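See below for the structure under consideration.
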Amino acid sequence: MSPPAVLSMCVTSAPTSRSATLPDEKVRSSSSILYIPRHPTDENNWCELGCDCRGDLKFTICSRGLFTQLPSRVPPYTELLDLSDNLISIIPERSFDKNRKLRVLLLQNNNISVVQPGGFSQLEFLQKLDLRWNRISVLTEGFSVGLSFLRELQLAHNRLTRLDSRSFLHLDALQRLNLSANSIRSIQVSSYSGQSVRPDERPAEAPPAGQPADLSAQRHLLHAALPGGPQPGRNQISDMEMGVFTPLTSMSLLNLADNNMSTVYFKTFLSIQSYSRHILLEENPWNCDCDLQRVFRKLRSIQRLFLDDYYNLTCAEPPVLRDYRLMDVDTELCLAETVTVLIITFTVVTTVLAAMLMGERKRKKKKKTTHWTQQGNIRK
């Protein structure tokens, strides 16, 4: 009977109101001392309600938590933060200043429409950033600030129509870039050279606002995905300037399938100096003429370039060749032009020869009708 009495005395004599606020405090009673130990890590103080914080794995999972803004309490040890499938609409400036150790940040399938300049500026160790399935229409100049070690950037299924000339300026280590399922219509060489140089070597003036950009800072880019599609909200790239891919010396895969390209310049792809580069070009409305045949013939002769889907390329123009595979008609595309050139050449040569013969005949005829006395005068 005595042990229960002692326990009752200890519990009833403990001042419960202070024990909740002073977890390490010794709670004294008239006959015994009760210690309330402090939790060793107390993760609840750092873990937002609706998140699962795993200190042993350095993961914080806040997926499907119905968050409308970034959670304020994320453990500072977190290296992977999953905020996918929420209702977040904006990434404010310096959003992750308490989570500098992040290496993977997953923000796909939210309602993000605004990424303020410097929103990721504190994430100097971040290697993967996933922003797929959001509503981003513009990437500001400060979008890439602080992301100098980022290797993978996922921006598929957004609303991008153009790329500002300095949006990717600081992504010096980027290897994978996915821009599929946007509304991008052209890729142009920026008038401002954004290649990787030291900040003190950059020109003082900025490029014109809205200047379309190439990916000139991404020398280490390995995979660039820009596929489109016939549905609204898909890339419809129809024009690429020569030299747009020149700085991408490490790129191994370029996906331009399912866009709106009808022709292509030979030097556009020749300009990339990386070895063993694979290009995807199917599902584009190719205009199958002699010029296109010559371009592809030259591209296929370059050993370091691989047109992986060449045998699947189909013609959209001219109407007589619609739905024909390019490989089935490529040997005939220049035949008519060759015949035309031969006819023109033959016509020109014939005309020249005829003119020469007519001139010679006139000269001889004139000589015969001239009196012998005039001929002597002519000789003198």
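Brief remarks follow.
- Sorted largest first by accessible area at a 1.4 angstrom probe radius, with every protein chain in place, the residues L281, L163, L270 fall in the order L270, L163, L281.
- T140 accessible area, 1.4 Å probe, all protein chains in place, Å² to nearest 10: 40 Å²
- Distant-in-sequence amide H partners of F67 (H built 1.01 Å from N, under 5 Å): L87
- Computed 3J(HN,Hα) for the stretch 66-80, one whole-Hz value per residue from the Karplus formula 6.51 cos²θ - 1.76 cosθ + 1.60 where θ = phi - 60°, is 6, 6, 9, 8, 4, x, 8, 10, 10, x, x, 7, 4, 10, 10, glycine and proline marked x.
- Here the 3J(HN,Hα) profile of the stretch 54-61, calculated from phi with Karplus coefficients 6.51, -1.76 and 1.60 at θ = phi - 60°, is 10, x, 5, 9, 6, 10, 10, 9 Hz, Gly and Pro shown as x.
- Nearest-10 value in Å² for the accessible area of H278, using the 1.4 Å probe: 60 Å²
- Applying 1/(1 + (r/R0)^6) with r as the Cβ-Cβ distance of T350 and S183 and R0 = 56 angstrom yields a FRET efficiency of 0.50.
- When each of the peptides 315-327, 257-269 is scored by the mean number of other C-beta atoms lying within 10 Å of its residues, the order from highest to lowest reads 257-269, 315-327.
- Radius 15 Å from Cβ of V104, net charge of other residues (Lys, Arg +1; Asp, Glu -1): +4
- Extension reserve of the I90-D328 stretch, reckoned as 0.36 nm per residue once the Cα distance is removed: 80.6 nm
- Take each peptide in 300-313, 62-75, 347-360, count the other Cβ atoms within 10 Å of every residue, and average; sorted highest first, the result is 62-75, 300-313, 347-360.
The values are calculated or read from the model by the stated rules, or taken from the named source; none is laboratory data. Nothing here was measured: the structure is a model prediction, and the numbers come from that model. Heads up, the Cβs are rebuilt from the backbone with ideal geometry, glycines too, and the neighbour counts pull from every protein chain shown. The accessibility values were calculated without ligands, DNA or RNA, using every heavy atom of the protein model including side chains. Shrake-Rupley method; radii C 1.70, N 1.55, O 1.52, S 1.80 Å.
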